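Working notes, structure below.
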Amino acid sequence: MTARSTDLSRRGVLRLGAVAAVALPLAACSGGYDESPDPLAPLLSAADADAAAAKALGGAVAGQVADARAAQAAALKPEVDRLNRPKPTTPPPAAPADLSAFKERLATARKQAEDLVPGLPAYRAGLVAGVAAGCAGLQRIASTLGPGEDAQAVVAPAGTASSDAVDPLQKALASEHAALWVYGLVTAFLPGEFGDALKAGRAEHTARRDVVTQMIEAAGGTPVAPEAAYVPPKPVNDTASAAALVASAEEDSAAAWLGVVTHTDDAGLRKMALQALIAAARRGTPWRQEANEKPTALAMPGQPA
């Protein structure tokens, strides 16, 4: 009896061990799935709905909205599909009867995206920051859509930037130096009616340059110095070419600040970089319009074309 009992107990232990060995991987797999709704899904749903509604309305301005929102949806969809998290059950808003309804829709989409950026993983933060900036740019292509709120004034976040953030901040500073040089160069080729836009652009870039310089110094770095001169991608000899150069400088600024968004987990620094990205998108749109560049507003400012 004793030997048989021992034999049975050993077989029982083996069976239990086998069950446990199977159960542990299953538990590990099931525990890694996030069942909460994907915060990017409402952005995707709204972008899809806006693209379809704007396309149905027709017209040049509605066409730009449709193309931009469709591009934003196309950027978001692979990421939403990749995680395959539950989709929110809230239906998209009803299709608008006219273009003026997009004023509120763009403002809402921009605000939702801005609010998400600080807390997202880096890659997702970059995608959503692009959506926010793209909506902010669209608000400036026609009075019926905007004008929308300007970006928040530049303010250094609390604390000292981490060593990992110094390199992207250096790139952002380099873009600010270049933008200031461009704003100085084009003054000779633009008539007086552009004076206010030039003054405002220089003031914003100067403020960001000064704040970023201080942040890099506080982090123990040596701020990158401006070049003596820069080479424009195309000759500047009239109003259109001057406007195109300013638009190009703002695109470079947007790309640099998006790089800060995607290379830091610091919420305060992300917020600052996001506002710089939005500012570049909003400044760049009228200059692209003046240069007759298409599209007037970039769908995902800062992202590679």
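Once the Cα atoms are used to define both axes, helix 122-138 deviates from the longest principal axis of the chain by about 40 degrees. Measure out, as a whole number of angstrom, how far apart the alpha-carbon centroids of the range 223-297 and the range 93-149 sit. Here the answer is 19 Å between Cα centres.
As a length-normalised measure over Cα pairs under 8 Å and 6 or more apart, the relative contact order of the range 191-305 settles at 25 percent.
Here the range 119-200 is treated with +1 on each Lys and Arg Cβ and -1 on each Asp and Glu Cβ, and its dipole about the Cα centre works out to around 140 debye. Our coupling estimate for the range 111-116, obtained by passing each phi through the Karplus curve with A = 6.51, B = -1.76, C = 1.60 and θ = phi - 60°, is 5, 4, 5, 4, 5, 7 Hz, Gly and Pro reported as x. The listed peptides 36-48, 75-87, ordered by packing as a protection proxy, come out as 36-48, 75-87 (highest mean of other Cβ atoms within 10 Å first). Computed from point charges on the beta carbon alone (+1 for Lys and Arg, -1 for Asp and Glu), the dipole magnitude for the range 33-192 about its Cα centre is near 300 Debye. Whole-Hz Karplus values for the range 220-226 come out as x, x, 9, x, 5, 8, x Hz, taken residue by residue from phi with 6.51 cos²θ - 1.76 cosθ + 1.60 and θ = phi - 60°; glycine and proline positions read x.
Applying a DSSP loop filter and a limit of 13 other Cβ atoms within 10 Å to the GluC sites (Glu not before Pro) in the range 187-282 leaves E227.
Computed over neighbours whose Cβ is under 9 Å from that of D50, the net charge equals +1, Lys and Arg +1, Asp and Glu -1.
For the range 70-182, the relative contact order is 21 percent, taking Cα pairs closer than 8 Å that sit 6 or more residues apart in sequence and dividing their mean separation by the residue count.
Multiplying the residue separation of S163 and E35 by 0.36 nm and removing their Cα-Cα distance gives an extension gain of 42.6 nm. Residues in the range 203-209 carry Karplus couplings, in order, of 4, 5, 5, 5, 4, 5, 4 Hz; the curve used is 6.51 cos²θ - 1.76 cosθ + 1.60 with θ = phi - 60°, and Gly or Pro positions show x. Placing +1 on the Cβ of every Lys and Arg and -1 on the Cβ of every Asp and Glu, with no other charges, gives the chain a dipole of roughly 1080 debye about its Cα centre. Simple rule: put +1 on each Lys or Arg Cβ and -1 on each Asp or Glu Cβ in the chain, find the dipole, and look at A273, A200, P93; the Cα lying farthest toward the positive end is P93.
Compared with the dominant principal axis of the Cα atoms in the chain, helix 163-186 is inclined by about 20°. Taking every C-alpha pair closer than 8 Å and separated by at least 6 residues, the mean separation divided by the residue count of the chain gives a relative contact order of 22 percent. Here mean projected area of the Cα convex hull in nm² was calculated from the structure, and among (i) 18.7; (ii) 15.7; (iii) 22.6 it sits at label (iii). Compared with the dominant Cα axis of the chain, that is its longest principal axis, helix 2-31 is turned about 10°.
No value in this document is a laboratory result; all are computed from the given coordinates. Note that the coordinates shown come from a computational prediction; the quantities given were computed from them, not determined experimentally. Note that we place each Cβ from the backbone using ideal geometry, even for glycine, and neighbour counts take in every protein chain shown.
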